[in-house]
Amino acid sequence: MMDSSYMHRLGQLSDSDCWALFSRIAFSGRSNEDRENLEDIGRRIVQKCKGLPLAAKAMGSFLRFKVTEQEWQTVLDSQIWEQEEVTLDLFPHFYLSYNDLLPILKRCFSYCAIFPKDTVINVDKLVRIWMAQGYLSTVENNQQEVRGREYFMNLAMRSFFQELETDDKNTSVIISCKMHDVVHDFAQLISKNDCYSITGTESTEKVLSVHHLCWERTDSTVTPVSVCDVERIRSLFAEHLLAKELTHDLVKGLKCLRVLNLHGCGIQELPQEIGNLFHLRYIDLSSSQVQNLPEAICRLCNLQTLDLQGCKRLSRLPQHIGRLINLRHLITTDTPKLESFPQDIGNLTQLRTLSDFVVGKGSSKLGYIGKLNQLQGYVSIHVIDSLNAAEDVVEAQNAALRMKPYIKELRLNFYWASEVSMDVMEALIPPPNLRFLIINGYRGTQFPTWITLSLNNLRVLTLSECFNCTFLPPLGKLPFLEILWIRLMDELKHVGNEFLGLPGTINTFPKLKKLRFSYCSEWEEWTDIKPEVGFSVMPSLKELELNCCEKLNSLPYCLLQRVSSLESLKIKMCPCLELDWTEITHIQNIETDDGM
């Protein structure tokens, strides 16, 4: 796979810069005494990095896990530095780190050779692929994804992955990464021909040892059948494949296949033969042209992941999808034509991911998800019809959202529902551990009581396009709320002390950091507090933003003066609001339409 004549020309660091980079990583969290004891050996190891930044980083990451002088000396004296088979200058450093890995981590790393160079690797997908290959099977069933992320972090800390991108909502969670070209070449060297790529330049001789195949689209006539024994293939990455290239004969031959990645392919339907691939555990059809899935896919009782994200032509799911008893991840985000889910989905009791669920008369019912208590992370429910009958209340109760403790982010969308009764909303009690809640398009006149009584762990709340609500609930009672966004509430005219949770709350909005009101076109008054009131109000608030609130005529200046932490006030498109600058001089950054 690797052209041995290719050399990476990297900029070299000076000795001092190379040492600084290495020591910053290797000595992180160590005492000065440890540093003094290890510095001499460390400097001699750094000399072997030859000024290469990635080498210094790799060795620093590796030795960070080595505690004693003897361990560092063993690294310095290793015979790997002299091995002739190490053809590129950087590889000795990665051999040392690689050889220190547990066998299962070696498998997880070498598998990554299947990705083309410069690929942005989604970490969740990578973990699910590792799981499909059986690399996480020694872990308890309900902990496989957690262990997979631990494996990823272990490899990332050793610099096997670069360009780590974190989640906007939780910067401790890495969502994507890349492999440096040199690391990728090393992974290819380690995997030998276990991972193989069809790029159109292959010889006609078959490579019989291939288990994981990446078929990149080219103008060549080379196919999997012509370069390898397809019956041995356990992974097939064939992104952006044309429909005619996924032949029935090819699918029939993939008898050992566990992972099938057809992202972006032009296929409109899968061949019926897919139902015979009994070892298949992972199917990625994201951003493909697929319109429906054959019922035959329901025979894949080992299937764990079905990724349909961005399948804009997908109109239905198989009626017997509940037979996929081991399915853990069903991803249907951005599938606008998918307007119903079969009742059989309620049998998927192992399901962890159900990104989007559609509810409406004549289609899916809320009660279908009642038994899916393993759901975790993000769940979005789209209500596309009115829910105002007694039976709708029962369905909402049967959904049993409160019994799904692993859901951390919930989005309730009512854009297309002309009416959702208050009783239905009251029955949709989220789990108490919920961190993020978005309510979109709710047409009721008031919010459910659970929004302040049952969500003591809520961090982020968005209330959007709730056009008929005339007042806000006592959100100041939420003890851990950090971000609050109120937008497009046409009937909201008054924000009073009830918003703060008064009377009855001594410390209102204790953790709130960001507060934003946008497009509240009828909002006129924000009631101020009395100067002598003896309670804490928004003690952590740093940012307040008012945008397009055309009728708002004054600010609660006493309230703002009590918020000593406030650093930023942004006011845009609020023509009736006249600022009393003497009352807000304590705010460091003030932005208005006129730039003042």
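For LYS106, the lysines whose Cα falls under 28 Å of its own Cα, not counting residues fewer than eight places away in the same chain, are LYS48, LYS50, LYS57, LYS66, LYS117, LYS125, LYS178, LYS192, LYS206, LYS255. Of all lysines in the structure, the ones whose alpha carbon falls short of 19 Å from that of LYS244, not counting any fewer than 8 places away in one chain, are LYS252.
Averaging 1/r over every pair of different alpha carbons in the range 402-555 and inverting the result gives a Kirkwood radius of 15.9 Å.
Rounded to the nearest 20 debye, the dipole size of the range 270-392 about its Cα centre is 200 debye, using +1 on the Cβ of Lys and Arg and -1 on the Cβ of Asp and Glu. Packing-based ranking of 405-417, 130-142, 577-589, 174-186 yields 174-186, 405-417, 130-142, 577-589, ordered from highest to lowest mean Cβ neighbour count within 10 Å.
Over the chain, what is the relative contact order in percent, taking alpha-carbon pairs closer than 8 angstrom and at least six residues apart?
This gives 5 percent for the chain.
The C-alpha radius of gyration of the range 523-594, expressed as a fraction of 2.2 N^0.38 Å, stands at 1.07. Compactness check for the chain: Cα Rg over 2.2 N^0.38 Å is 1.16.
Can you give the % of DSSP beta bridges in the chain that are antiparallel, to the nearest 5? Provide the component values of the computation, followed by the final result.
Working: 5 of 75 bridges.
Taking every DSSP beta bridge with both residues in the chain, the antiparallel ones total about 5 percent.
Over the residues of the chain, the helix contribution to mean residue ellipticity at 222 nm works out to -6500 deg cm²/dmol, using -39500 (n - 2.57) for each DSSP H run of at least 4.
Percent of C-alpha pairs per 5 Å bin in the range 12-157, short distances first: 2, 9, 17, 18, 17, 14, 12, 8, 3, 0.
Under 5 Å between amide hydrogens, built in the peptide plane, is the criterion, and for ASP385 it picks out LYS361 among residues at least 5 positions away or on other chains. Rounded, prolate or oblate for the range 101-182? Axes are the square roots of the Cα gyration tensor eigenvalues, ordered a ≥ b ≥ c, and the cut-off for rounded is a/c under 1.5. Note, shape of the range 101-182 comes out oblate.
The Cα atoms of the range 318-364 cover 27, 20, 14 Å along the three principal axes, with the biggest extent listed first. With coordinates expressed along the principal axes, the C-alpha atoms belonging to the range 336-410 extend over 29, 27, 22 Å, beginning with the largest.
Would you calculate the convex hull of the Cα atoms in the range 210-338 and tell me its volume per residue in Å³? Write out the running numbers ahead of the final one.
On the way: hull volume 11.2 nm³, N = 129.
Convex hull volume per residue, Cα atoms: 87 Å³.
Rounded to the nearest Hz, the phi-derived 3J(HN,Hα) couplings of the range 379-387 under the Karplus curve 6.51 cos²θ - 1.76 cosθ + 1.60 (θ = phi - 60°) are 9, 10, 10, 9, 9, 10, 9, 4, 10, where x marks glycine and proline.
Report the convex hull volume per residue for the range 351-469, counting only C-alpha atoms, in Å³. Spell out each step's value before the answer.
On the way: hull volume 10.2 nm³, N = 119.
Cα-based convex hull of the range 351-469, divided per residue, equals 86 Å³.
Provide the packing ranking of 46-57, 500-511, i.e. peptides ordered by the mean count of other C-beta atoms within 10 Å per residue, highest first.
Highest mean packing first, the order is 46-57, 500-511.
Readers should treat all values here as calculations from the given coordinates under stated rules, not as data from a laboratory. Everything numeric here is computed off the predicted structure, so don't read it as measured data. Here the Cβ is made from the backbone with ideal geometry for all residues, glycine too, and neighbour counts use every protein chain on show.
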